[in-house]
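Structure record follows, encoded as structure tokens.
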Amino acid sequence: MLDVISSTLTSAVAIAISPIPIIAVILMLMTPRATRLGVSFLVAWFLGIVLATTVAALLSGVLPEPSMNESQPVLGAIMLVIGAGLLFLGWRQWRSRPGPSETAELPAWMTKIDGLRTPAAFGLGFALAAVNPKNLLVAASAGAVIGRSELPAGEFIAVVAVFSGVAALSVLLPVLTMLIVPRVAASALDAIRSWLTDNNATIMTVLLTVIGFNVIGKGLGMFG
């Protein structure tokens, strides 16, 4: 079980340090409904990662099991497609980065976060985790590793929980900070939001490129 966790840890960290969900939850924590919105977003974010990872693991687990030393071309092809998708998204992020004289801007939907209600915050968190192409591809690559490991049910659940917990840490920490030390959190979180906004494209480019090449390498190795 530990070797599976270690194999998926890079993907979990990649999801954890994705700037957009961190910025979104910070903006929610700066509203009058900080606690309700932040907690709802956190729960949905975690559940979305669990769902995306579990579905990918179950789908990869139904593929025919090769005999020892036999290649796995079907899973290898799937991993290559996922890796190529991650590289493409990384290229798009790099192309979208602001120029030297330009100011980085948040997506238009983020300007409406201060007017969100609890159900909308929940839906947003779930969508960013389970529907967003960037996170979905990263979670799918981790799910493929978990699914092919043939873990017992208890260990399978534990690995998915650990993976999802690590991936959700970056959203959990701001929420806990605001709940425990709200005065300190306000200025600190605003500074973090500004830095992430300015460097969003660069961070995501590096993450998606590293994970993409890693997934492609694993895919190639499955062809024997």
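The values are calculated or read from the model by the stated rules, or taken from the named source; none is laboratory data. Treat the numbers as computed from the prediction; the structure is a model and nothing was measured. Neighbour counts are summed over all protein chains in view; Cβ atoms, including those assigned to glycine, are modelled from backbone coordinates with ideal geometry. Note: areas computed on protein heavy atoms with side chains; ligands, DNA, RNA excluded. Shrake-Rupley method; radii C 1.70, N 1.55, O 1.52, S 1.80 Å.
One residue is enough: does the range 104-111 have a residue meeting the conditions in a helix (DSSP H, G or I), more than 19 Å from residue 194 (Cβ to Cβ) and either modelled with pLDDT of 80 or more or among the aromatic types (Phe, Trp, Tyr) (or both)? Checked against the condition, which is being in a helix (DSSP H, G or I), more than 19 Å from residue 194 (Cβ to Cβ) and either modelled with pLDDT of 80 or more or among the aromatic types (Phe, Trp, Tyr) (or both), the range 104-111 yields no hits at all.
Residue count for the range 16-41 satisfying the condition of being open to solvent by 30 Å² or more (accessible area, probe 1.4 Å) and assigned to a helix (DSSP H, G or I): 5.
For the range 157-173, give me each residue that is within 20 Å of residue 38 (Cα to Cα) and open to solvent by 10 Å² or more (accessible area, probe 1.4 Å). Correct list: 165, 166, 169, 170, 172, 173.
Applying the criterion of at least 3 residues that are of a type in the set (D, E, K, R) to the helices (runs of 4 or more DSSP H) found wholly in the range 121-224 leaves 182-221.
Could you tell me whether residue 223 is more than 20 Å from residue 134 (Cα to Cα) and surrounded by 19 or more Cβ atoms within 10 Å (Cβ to Cβ)? No.
Number of residues in the range 184-215 that are more than 18 Å from the chain's Cα centre (by Cα), hydrophobic (A, V, I, L, M, F, W, C) and more than 15 Å from residue 16 (Cα to Cα) equals 7.
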